[in-house]
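*Asks:* Dropping a structure here in structure tokens format, bear with me for questions.
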Amino acid sequence: IAKLFVNKPINIEHNRSQVIGCILSSNFSKFGSNETLNESDVKSMKTPFNITLGGVIWKVVNRDLADQIEESNDPTSDNYMTISASWELGFNDFNIIVLENGEKNIIHIYVYS
């Protein structure tokens with residue numbers, strides 16, 4: 001699924017008419033840390049891991065937002081870590097996995113389509 005993010009647009013608040021950039025790469029990291037994992041590492045994992053994405057924000061499209069994102073990455077700024085992002089992909093078919101209350105790890109899978 002990680003490869004499906006590459007070349008997808010980045011937009012504001014899921015509004016496809018407000019495209020401000022493009023996702024260029026995807027990779028993996030260990031859940032709870034920034035330790036990089038390879039695709040071969042995650043194929044056999046039974047615990048959660050992160051999909052990490054890299055991309056560009058076109059400053060020429062929305063200079064204010066680009067400046068805010070840059071400032072939110074500066075530890076000396078009052079706006080440090082004030083911007084977050086979410087990533088979604090749309091599919092025609094899907095399966096839903098339901099976990100017991102408070103669980104994070106998939107032990108039993110109940111699939112609903």
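*Asks:* Within the range 18-47, take every residue that is open to solvent by less than 50 Å² (accessible area, probe 1.4 Å) and not in a strand (DSSP E or B) and give me the one that is modelled with the lowest pLDDT.
*Replies:* Filtering the range 18-47 for residues that are open to solvent by less than 50 Å² (accessible area, probe 1.4 Å) and not in a strand (DSSP E or B), the one modelled with the lowest pLDDT comes out as Ser33.
*Asks:* Continuing with the same structure: Looking only at the range 54-93, filter to residues that are without any contact (Cβ under 8 Å) to a residue 24 or more places away in the chain and of a type in the set (Val, Ile, Thr); which one of those is farthest from Asn7 (Cα to Cα)?
*Replies:* Here the residue is Thr76.
*Asks:* What about Ile51, is it modelled with pLDDT under 95, open to solvent by less than 60 Å² (accessible area, probe 1.4 Å) and under 15 Å from the mean Cα position of the chain (by Cα)?
*Replies:* no
*Asks:* Across the range 74-97, what is the total count of residues that are open to solvent by less than 100 Å² (accessible area, probe 1.4 Å) and modelled with pLDDT of 75 or more? Steps first, answer last, please.
*Replies:* Of the residues in the range 74-97, the ones open to solvent by less than 100 Å² (accessible area, probe 1.4 Å) are 74-75, 77, 79-80, 82-83, 85-86, 89-90, 96-97.
From the residues that got through so far, the ones that are modelled with pLDDT of 75 or more too are 74-75, 77, 79-80, 82-83, 85-86.
Here the count works out to 9.
*Asks:* Of everything in the range 22-46, what is closer than 21 Å to Lys59 by Cβ and touching a helix residue (DSSP H, G or I) at 6+ places or on another chain (Cβ under 9 Å)? Give them in sequence order. Can you show your working first?
*Replies:* Taking the range 22-46 first, the residues closer than 21 Å to Lys59 by Cβ are 22-25.
Once the filter is applied, which keeps residues that are closer than 21 Å to Lys59 by Cβ and touching a helix residue (DSSP H, G or I) at 6+ places or on another chain (Cβ under 9 Å), the range 22-46 yields Ile23, Ser25.
*Asks:* Can you find a residue in the range 55-73 that is β-branched (Val, Ile, Thr), open to solvent by 60 Å² or more (accessible area, probe 1.4 Å) and not in a strand (DSSP E or B)?
*Replies:* Yes, that holds for at least one residue.
*Asks:* Return yes when Ile106 is modelled with pLDDT under 90 and surrounded by 10 or more Cβ atoms within 10 Å (Cβ to Cβ) and no when it is not.
*Replies:* In short, yes.
*Asks:* Something else: Which of (1) open to solvent by 80 Å² or more (accessible area, probe 1.4 Å); (2) over 30 Å from Asn105 (Cβ atoms) does Lys8 not meet, given it meets every other one?
*Replies:* (2)
The values are calculated or read from the model by the stated rules, or taken from the named source; none is laboratory data. Keep in mind that what you see is a predicted model, and the values were worked out from it rather than measured. Cβ coordinates were reconstructed from backbone atoms using ideal geometry, including for glycine residues, and neighbour counts include every protein chain displayed. The protein model used for the area step is the full one, side chains on, heavy atoms only, and it has no ligands, DNA or RNA in it. Shrake-Rupley method; radii C 1.70, N 1.55, O 1.52, S 1.80 Å.
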